[in-house]
1. If only one of 413, 502, 463, 487 is over 22 Å from the mean Cα position of the chain (by Cα) and part of a loop (DSSP other than H, G, I, E, B), which one is it?
2. Name the residues in the stretch 76-100 that are under 20 Å from residue 150 (Cα atoms) and not hydroxyl-bearing (Ser, Thr, Tyr), would you?
3. Out of all the residues in the stretch 466-484, which are assigned to a loop (DSSP other than H, G, I, E, B) and within 25 Å of the chain's Cα centre (by Cα)?
4. Only one residue in 472, 396 is under 25 Å from residue 58 (Cα atoms), surrounded by fewer than 19 Cβ atoms within 10 Å (Cβ to Cβ), touching a helix residue (DSSP H, G or I) at 6+ places or on another chain (Cβ under 6 Å) and at pLDDT 90 or above. Which one?
5. Report yes if some residue within the stretch 338-357 is within 30 Å of residue 120 (Cβ to Cβ), open to solvent by 30 Å² or more (accessible area, probe 1.4 Å) and modelled with pLDDT of 90 or more; otherwise report no.
6. Looking at 191, 172 in this structure, which one is at pLDDT 85 or above and more than 23 Å from residue 51 (Cβ to Cβ)?
7. Given the conditions (1) of a type in the set (Phe, Trp, Tyr); (2) more than 15 Å from residue 150 (Cα to Cα); (3) open to solvent by less than 70 Å² (accessible area, probe 1.4 Å), and given that residue 401 satisfies all but one, which numbered condition is not satisfied?
8. For residue 488, indicate whether it is surrounded by 14 or more Cβ atoms within 10 Å (Cβ to Cβ), within 23 Å of residue 42 (Cα to Cα) and modelled with pLDDT of 85 or more.
Amino acid sequence: MTDDPVRSNEPTDTVSPTEDAASGPDHDVSFREAFWVWVQVAAYSFGGPAGQIGVMHKLLVSQKRWISERRFLHAMNYTMLLPGPEAQQLATYIGWLLHKTKGGIVAGTLFILPGFVSILLLSILYAEFREVTIVEAIFFGLQAAVLAIVVEALLRIGSRALANAAMVAIAAGAFVGIFVFDVLFPIIILAAGLVGFLGHRYAPEVFTVITGHGGDESDEDVAAETPDEDEASPDDRGEAIASDESETEAVISDELVADHERPSGWRAARVAALWGTLWFGPLLGLYLVLGAGHIFTQEGIFFSQVAVVTFGGAYAVLAYIAQEAVATYGWLKPGEMIDGLGMAETTPGPLVQVVQFVGFMGAYRNPGTLEPLVAGILGSVVVTWVTFVPCFLFIFLGAPYIEYLRGKESLTAALSGITAAVVGIILNLAVWFGLHVLFEDHWTYDAYGMDLLVPVFGTLDVAALVIVVGSFVMIFRFEQGMLRTLAAAMAAGLFYHLVVLA
């Protein structure tokens, strides 16, 4: 097996079972360097999928040039079609492209780790003390700043994905469908893909916005941006600034197809067996040792089911989780799901990490023979495991086939339509988030088939609005980085709660 990149799309079934371990990367990005960049991505992963994908785009596409714009969007399209947290799966996918299975595991795990630790600590505070005034003050500022960060990420991604009026129309239709009429996320994605697929037959130059390798490319590569001073390490700053405006080709370019990216039936069987065992093996062990009625078994089975229906991100499944956790299992009290969501929205990591809070509280209140705190921590681990192990399975199993299909024009046209729809979906998340940050109360307008969330304008939170405006000014007027913006917002939140409201 050669280490040189393979520039063919032909599938093969001759991949060695030890291919991942035996062959090295086809580029000069070291595993050590990638590790620290994934740490940076994890540390900045605030703001839900819109902000998180924006962080990865800025670091990996614009600054580092580790992956091309089209490869990034192609990977994002696939993760948007999967159940589970798309940003974490996108990190896993790109980590796999760079350093195969170990790269995907490290990228995906690091993406989860800060949120897991943060929500675990907050869950302990919530259950044991409930007196978290300082934490509440910090989160108040962070929520406001995150809104500005999400909008900045939306503008950056949308400016590249919405290449023509047709793509803008698809994005607008997706936003209206999900925000105004509450159309299910999978239906919007399927419809957008169908529009792109059919549109390619009549106007391929309009609907084939994202071209894979082997296609005719007339668009210029996206120019890399100079990193913000506070968002990069000294090495990163010097490296990115030196590259100036004449960047070389991306490491994972539109043309390159490495050995490990080629699909193989034998490899697929190994991946399914390994990750299926990691997913269901612990569940079987809990069932055999503790029984079907034990809290750990119940949580493991329930959240394994949730893991395969979370299309559209955490928001799409929160109502179902809350209903089951409160009414069916009694793990949460009414209203506590919103507290958990507040933790997930204002800590790094995927929003679906809110399930960890549910797992903690459920086990904390049903500890059996264990101490409540110990049971809660173990419940967090069980729920996190069955939520995220399937994400690795979906990526490692499907990614080679998705890469193989990049050159198919009809598929890339369908994915171009999906990309445009995704912009509308992210806009929906940004608006939803903004309404909840800026207004305390809302009502639903449900006439003429609409299901429109409308704020009660009299409940505008002026303090939150001031911090939001300040964050926008820092980002868009003074071009300050995410870290400084978040720090300033956090300080403002502390001042408001501890001084103004004191």
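The values are calculated or read from the model by the stated rules, or taken from the named source; none is laboratory data. Predicted model only: the values in this text are computed from it and were never measured. Cβ placement follows ideal geometry from the backbone for every residue including glycine, while neighbour counts extend to all protein chains displayed. Side chains included, ligands, DNA and RNA excluded: accessible areas come from the protein's heavy atoms. Shrake-Rupley method; radii C 1.70, N 1.55, O 1.52, S 1.80 Å.
1. The conditions single out 502.
2. Start the filter on the stretch 76-100 by keeping residues that are under 20 Å from residue 150 (Cα atoms), which leaves 76-77, 79-80, 84-91.
Within the stretch 76-100, 76, 77, 80, 84, 85, 86, 87, 88, 89, 90, 91 qualify.
3. Our first condition is that a residue be assigned to a loop (DSSP other than H, G, I, E, B); within the stretch 466-484, this holds for 478-481.
Correct list: 479, 480, 481.
4. Details: 396 fails: surrounded by fewer than 19 Cβ atoms within 10 Å (Cβ to Cβ).
Criteria check complete, one pass: 472.
5. no
6. 191
7. Against the list (1) of a type in the set (Phe, Trp, Tyr); (2) more than 15 Å from residue 150 (Cα to Cα); (3) open to solvent by less than 70 Å² (accessible area, probe 1.4 Å), residue 401 comes up short only on (3).
8. Working: surrounded by 14 or more Cβ atoms within 10 Å (Cβ to Cβ): yes; within 23 Å of residue 42 (Cα to Cα): yes; modelled with pLDDT of 85 or more: yes.
Here the answer is yes, as residue 488 does meet what is asked.
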